[in-house]
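Values in this text are rule-based calculations from the coordinates and carry no lab data. This structure is a prediction, so every number in the text was calculated from the model and none was measured. Quick reminder, even Gly has a Cβ in these numbers, built from the backbone with ideal geometry, and neighbours come from all protein chains shown.
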Amino acid sequence: MATRSSSGLAYPERFYAAAAYAGFGTSDVSSSKAAISRFKNEIALLLYGLYQQATVGPCNISKPRSWNPIEHSKWTSWNGLRNMASTEAMRLFVKILEEEDPAWYSKVPDPKPEPMVEIENPPQESDSHLDNSVSVLKETAIENGSILETQDKDVVLEGLGAIGVYDQWIAPSVSGRRPKARYEHAAAVLQDKMYVFGGNHNGRYLNDIQVLDLKSLIWSKIEAKMASDSSQALLSPCAGHSLIRWGNKLLAVAGHTKDPSDTVTVECFDTETSTWSVLKSYGKAPIARGGQSVTLVGSNLVMFGGEDSKRSLLNDLNILDLETMTWDAIEAVGTPPSPRSDHTAAVHADKYLLIFGGGSHSSCFNDLHVLDLQTMEWSQPKMQGSLPTPRAGHAGVTIGENWYIVGGGDNKSGVSDTVVLNMSMLVWSVVTTVQGRVPLASEGLSLEVTTYNGEEILVAFGGYNGRYSNELYVLKPSHKGIIEPKILESPATASVDPILPISNGVRDIEAEDLTRNGKVREIVMDNPESEPQHQISIDTKERIIVTLKAEKDNLEAALTTEHSLNSKLKQELSEAQAAYAELTEELRSARKQLAAEQSRSFRLEVEIAEIRQKLHSMESLQQEVDLLRRQKAASEQAAAHAQQKQSSIWGWIAGTPPDPKTVDD
């Protein structure tokens, strides 16, 4: 199979077919001119530059000496791409062509054109270089074209390999015992297996783990157990939770349960031992909920919104550091999304968190909110393209910079279209639409992505649209039709990042259509044939040279400033990382000390209890001693009194009268 780029465009076969259609991949001059005439001059120039970059490489030829507007524009378009990788140039070539003519591929009779370049009045310095590149490209086309196609013919199509169409949902043949029909479950892909956990079946929460082998498409069930050190016998059934892959383990976060806890719980499933364990967390854990979004960003889980056990909608933002298992409640600036549940979230470039859709108790949303994870600031950017309808309970997954959204409902019916958002350009497109009441037009379904023979495939499972589903659907996206620029980066970044430099004609330069602050110009090329070469004066050339030099100086100054800023930011980042490492070590040390103090405190409490028990025993003994003393004193007094009486009796007998005082006593 051919290699595919991050945006899903197959190359080099698809690129050579596109080049042939655009007129760059054929030696037929008349055909080439006819094809090029389809495009505007600036698009034709841009396609020329990308084709040269993809087939020849960076521009190493000198600027044309003779003043020819066509050749100067071609050279500038090619040279402006600098060190862009050939695969990226192929991707952009096909992408631009699809934007100009979405149906171009169906118009190409032979997808394996001869890769030749036809140039009008080429500069003398470039002749030998271009000739060498053409011979190399012919060999590349043979190697990557016919041989690979021959290999494809030998492949036996079964399972996911049987998917021969793009942008259409297909129900593949699966085997094994199918899971119970469900919705509001959670799924994750790990090592060519899709794990499905929990969900809602006929109003009952589930806690089973079902596994689909994505190579053989065989369902099986895992008999999971709790870890030996756990106080629970079984994991609580739940729905509306999130399942996140973390290394070789799966983390189940939050969710509705029959007996909800006060705070969000995090359970860990070890796929090697098939055991569940409840992870202990620190910090202030958020209140328990379901229908939230949980997104993995680096080593952090970012959780937004949801609905608590009292049916109160939430729009709080919480982050769990998986390395320290510490929760942090984030107070972001800006206007956050309104409280909601059953929305979707995605992360772009590890810098931006995107929240789309969701619902309240009475309505559904189709708004898009972006959180800058560096400044923790909310914004609501303007979207372009085919804006999706309001929906909740949908599912989403990202492939590169594309975010695919499937299913959901709008309180009336299930949503039947599958849409995609290019996250760097903020352009919506419709991938496909299903007909009828099918499980894909459901709420609470799951959506995952897997790779088969180098191609990404979307896998949807379950859902509810009036009845519960356990159906499996797959779709192979073609990643078409996303080109309108809408950059998320800050103005400072956008000002120095060249998107695609395009050369201009003489009239635009004379009109001083140069932008300031180092930004790349967007210029429309005039028809060169209407400007004879002898009409261009020497003064005009000099003005052009001066203007271009000034622009070069401005760009170099801006580049120097950005380099300085970049160095400063790297230094600050290094310092922050060092401080973070130091704080982490201090935190670990403090936790160890806290554990030791807790152990010592427990021992002291035991000793105090023993001492209290001894004191209580001593008090009882003291009371007994006092009683014995009183009894002894009484006994001694009685004995003395008896002795006195006995003495008096013997006195009478002896004839000695007793002392009256003694008798009285």
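Structure notes:
- Cross-link pairs beyond the 22 Å C-alpha cut-off, checked among Lys351/Lys552; Lys221/Lys476; Lys193/Lys221: Lys351/Lys552; Lys221/Lys476
- Taking amide H as placed 1.01 Å from N in the peptide plane, Ser469 has its amide H under 5 Å from the amide H of Arg182, Gly463, each at least 5 places away in sequence or on another chain.
- Gain on full extension, evaluated as 0.36 nm per residue between Ala233 and Thr547 minus their Cα-Cα distance, stands at 105.3 nm.
- The string of couplings for the stretch 383-389 from the Karplus curve (6.51, -1.76, 1.60, θ = phi - 60°) is 9, 10, x, 7, 5, x, 7 Hz, one whole number per residue in order, with x for Gly and Pro.
- Length gained when the stretch Thr263-Ala609 is fully extended (0.36 nm per residue, less Cα-Cα span): 121.2 nm
- Between the amide H of Tyr352 and those of Leu373, distances stay under 5 Å, these residues lying 5 or more places away or on another chain, with hydrogens modeled in the peptide plane.
- Ordering of 391-398, 302-309 by burial proxy (mean other Cβ atoms within 10 Å per residue, highest first): 391-398, 302-309
- In order along the stretch 429-437, the phi-based Karplus estimate (6.51 cos²θ - 1.76 cosθ + 1.60, θ = phi - 60°) of 3J(HN,Hα) comes to 9, 8, 7, 7, 9, 8, 10, x, 8 Hz; Gly and Pro are listed as x.
- Phi to ³J(HN,Hα) by Karplus 6.51 cos²θ - 1.76 cosθ + 1.60 over the stretch 551-566, Hz, x for Gly, Pro: 5, 4, 4, 4, 5, 5, 5, 5, 5, 4, 4, 5, 4, 5, 5, 4
- Computing FRET efficiency as 1/(1 + (r/R0)^6) for Lys63 and Ala349, where r is the C-beta to C-beta distance and R0 is 41 Å, gives about 0.70.
- Projected label points at Arg630 and Ser338, each 7 Å from Cα along the beta carbon direction, are separated by 8.1 nanometres.
- Taking packing as the residue-averaged number of other Cβ atoms within 10 angstrom, the listed peptides 70-82, 616-628, 428-440 run from highest to lowest as 70-82, 428-440, 616-628.
- Simple spin-label estimate for Ser413 and Lys193 gives 4.0 nm between the two label positions (7 Å along the Cα-to-Cβ direction from each Cα).
- Taking packing as the residue-averaged number of other Cβ atoms within 10 angstrom, the listed peptides 355-365, 372-382 run from highest to lowest as 355-365, 372-382.
- Rounded, prolate or oblate (a/c below 1.5 giving rounded, otherwise prolate when a/b exceeds b/c) for the stretch 563-660 by Cα gyration tensor: prolate
- Largest-first principal axis extents of the Cα set of the stretch 160-475 (Å): 50, 49, 37
- Residues whose amide H comes within less than 5 Å of that of Thr271, counting only those at least five positions distant or on another chain, are Leu250 (H built at 1.01 Å from N in the peptide plane).
- Nitroxide proxy distance, nm - points 7 Å out along Cα→Cβ at Ile649 and Gln623: 4.0 nm
- Förster radius 25 Å - calculated FRET efficiency between Arg311 and Asn202 (Cβ-Cβ, nearest 0.05): 0.75
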